[in-house]
Amino acid sequence: MKPPGPVLAVAGLAKSFGGVAAVAEVTFAVASGEMLALIGPNGAGKSTCFNILSGQLRPDRGEVLLGGETITGLPPRAIWRRGVGRTFQITATFASMTVRENVQMALLSHHRRLWRFLRPARSHFADEADALLAPVGMEDQAERCAGELAYGDLKRLELALALAHAPRLLLMDEPTAGMAPSERGGLMALTRRLAAERDIAVLFTEHDMDVVFGVADRILVLDRGRLIAEGSGAEIRADANVRAVYLGSGATSGGH
């Protein structure tokens, strides 16, 4: 039997702004259940790459395939509907709603039943919401107002919201930004476990190199829009070019 292809395949991706190449001929793939980190110094092109993959930017050249089907240039909602989820540096939740209601709203959207918002969100998908809160450890806070949560708990709620859309691919833009160092590894270990259990491909950027080397199956390194290295944590640490442009510079922030 022919083995399945990657969940995400990117070929020759390029995007320039004012004649400056933000992303230049970038090619890579992400497999089901894989945690792939995208790192690099300030201005490397990480956010531009993410914004192309999620449909917020159109590439100048190149192709993006999801499950073997092109999504190049599709608008964000169309890409989301095809199974691409995304979390952001700054969490986006309904602060006045409970934790459970936030997940219920995500489920209503996923099932294309937002018209039912004419009735309270709490009337729909309560059991399904609790089933998503349980694996991220938030079931005991289901009745709490989201605006009262500690930042680390908000990040776990955001993960539950992303899972509500049953993504095949999850894009995580600096998922531990703003979190206490003691919480970062736990969130990403949780993400790794859920990705493996649910066969979700995860592509993430991250400024904390301890987190990157602790959870990533593979690492991509961008510099000035170009992919300069790809490999395991050990291979990336040993790469002289990567040390020269990023790791060896004392950089602790994976800027964009």
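See the values below:
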| quantity | calculated |
| --- | --- |
| Members of the stretch 167-197 found to be free of Cβ contacts under 8 Å to residues at least 40 places away in the same chain, hydrophobic (A, V, I, L, M, F, W, C) and surrounded by fewer than 18 Cβ atoms within 10 Å (Cβ to Cβ), listed by number | Ala180, Ala189 |
| Answer from Ser54, Ser16 - the residue that is in contact (Cβ under 8 Å) with a residue 12 or more places away in the chain, under 23 Å from His207 (Cβ atoms) and hydroxyl-bearing (Ser, Thr, Tyr) | Ser54 |
| Yes/no for Ala37 being outside the structural domain of Gly233 (by TED's automatic domain parsing) and either in a loop (DSSP other than H, G, I, E, B) or crowded, with 21+ Cβ neighbours inside 10 Å (or both) | no |
| Odd one out for Ala164, checked against (1) among the small types (Gly, Ala, Ser); (2) over 18 Å from the mean Cα position of the chain (by Cα); (3) over 19 Å from Thr205 (Cα atoms) | (2) |
| Filter result (over 14 Å from Glu101 (Cβ atoms) and crowded, with 17+ Cβ neighbours inside 10 Å) within the stretch 133-151 | Pro135, Val136 |
| Test: residue in the stretch 124-132 that is over 28 Å from Ile52 (Cα atoms), modelled with pLDDT under 85 and outside the structural domain of Ser54 (by TED's automatic domain parsing) | yes |
| Contacts under 7 angstrom Cβ, first residue in the stretch 124-148 being in contact (Cβ under 8 Å) with a residue 24 or more places away in the chain and over 16 Å from Ala162 (Cβ atoms), partner of a type in the set (Gly, Ala, Ser) and surrounded by 17 or more Cβ atoms within 10 Å (Cβ to Cβ), 6 or more apart | Asp130/Ala142 |
| Total residues in the stretch 60-95, condition closer than 17 Å to Ala129 by Cβ and polar (S, T, N, Q) | 1 |
| First in the stretch 198-215 and closer than 11 Å to Leu171 by Cβ, second anywhere and of a type in the set (Lys, Arg) and crowded, with 21+ Cβ neighbours inside 10 Å, Cβ under 8 Å, 6 or more apart | Thr205/Lys46 |
| Members of the stretch 82-104 found to be closer than 24 Å to Phe204 by Cα, at pLDDT 90 or above and out of contact with any Pro (no Cβ under 7 Å at 6 or more places or on another chain), listed by number | Arg82, Asn102, Val103 |
| Count - residues of the stretch 7-31 that are modelled with pLDDT of 95 or more, part of a loop (DSSP other than H, G, I, E, B) and surrounded by fewer than 19 Cβ atoms within 10 Å (Cβ to Cβ) | 1 |
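So that you can scan it fast, the table gives a plain yes or no per residue for (1) modelled with pLDDT of 95 or more; (2) within 28 Å of Val99 (Cα to Cα); (3) not in a helix (DSSP H, G or I):
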| residue | (1), (2), (3) |
| --- | --- |
| Ala162 | no, yes, no |
| Thr176 | no, yes, yes |
| Ser182 | no, yes, no |
| Leu187 | no, yes, no |
| Val202 | yes, yes, yes |
| Leu220 | yes, no, yes |
| Leu227 | yes, no, yes |
| Glu230 | yes, no, yes |
| Ile236 | yes, no, no |
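The values are calculated or read from the model by the stated rules, or taken from the named source; none is laboratory data. Remember, it's a predicted structure, so these values are computed and weren't measured experimentally. Cβ atoms come from the backbone with ideal geometry, glycine included; neighbour counts cover every protein chain shown.
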